[in-house]
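The structure under discussion appears below in the form of structure tokens.
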Amino acid sequence: MLWDPEVVLFAPESIYDTVDTLTEWSEISAVKSGKYYEVPIGPYNWMGRPPSVNRVLGIKWLSNLLYPDVFQYDMKNETREFYKLFYHCDVSDTQIEALLGRSTLK
């Protein structure tokens, strides 16, 4: 908290839904500016456990989130291609929105 981060990433099933109502988080720059995100998950966490191929997509997601001027990925398209390649499934726009809805710029 003393670092006053400009961006905060929350693990899935954490305090993401309530962080903007918690007094102890109210003065954090990331919360005040709405720059807090939940790491995507499906079928596994894109950055955490268990270690999986999803971390490859997680690297693209995070670089695009933090440095969109440098990493100009279309994350909907990247997600669609990734799931086709690694999971052999076609994801719908609705499914992609569910994956990225809490994880992209507000």
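Miscellaneous remarks
- Nearest-0.05 FRET efficiency for Glu24 and Thr94, computed from C-beta distance (R0 35 Å): 0.50
- Rounded to the nearest 20, the size of the Cβ-charge dipole of the chain about its Cα centre is 320 debye, with Lys and Arg at +1 and Asp and Glu at -1.
- Computed E for Glu81/Glu6 - FRET, C-beta separation, R0 41 angstrom, nearest 0.05: 0.85
- Distant-in-sequence amide H partners of Ser103 (H built 1.01 Å from N, under 5 Å): Glu38
- Most mobile listed residue (Val70, Val53, Val19) in the chain, GNM with C-alpha springs under 10 Å: Val70
- Gaussian network model of the chain, springs between alpha carbon atoms under 10 Å - residue of Trp46, Trp25, Trp61 with greatest fluctuation: Trp25
- The chain: relative contact order in percent, alpha carbon pairs under 8 Å with at least 6 residues between: 23 percent
- Phi-based couplings in Hz for the stretch 53-68 (Karplus 6.51, -1.76, 1.60; Gly and Pro marked x): 5, 4, 5, 4, 5, x, 5, 5, 4, 5, 5, 5, 5, 7, 9, x
- Burial ranking of peptide ranges 74-84, 92-102 (average Cβ count within 10 Å, highest at the top): 74-84, 92-102
- Coarse-grained scattering of the chain at q = 0.14, 0.15, 0.16 Å⁻¹, given as base-10 log I(q)/I(0) from a Debye sum over alpha-carbon atoms: -0.57, -0.65, -0.73
Only the coordinates and a few stated rules stand behind these numbers; no lab work does. Just so it is clear, the structure is predicted and the values come from calculations on it, not from any experiment. Here Cβ is always computed from backbone atoms with ideal geometry, including for glycine, and neighbour counts include all displayed protein chains.
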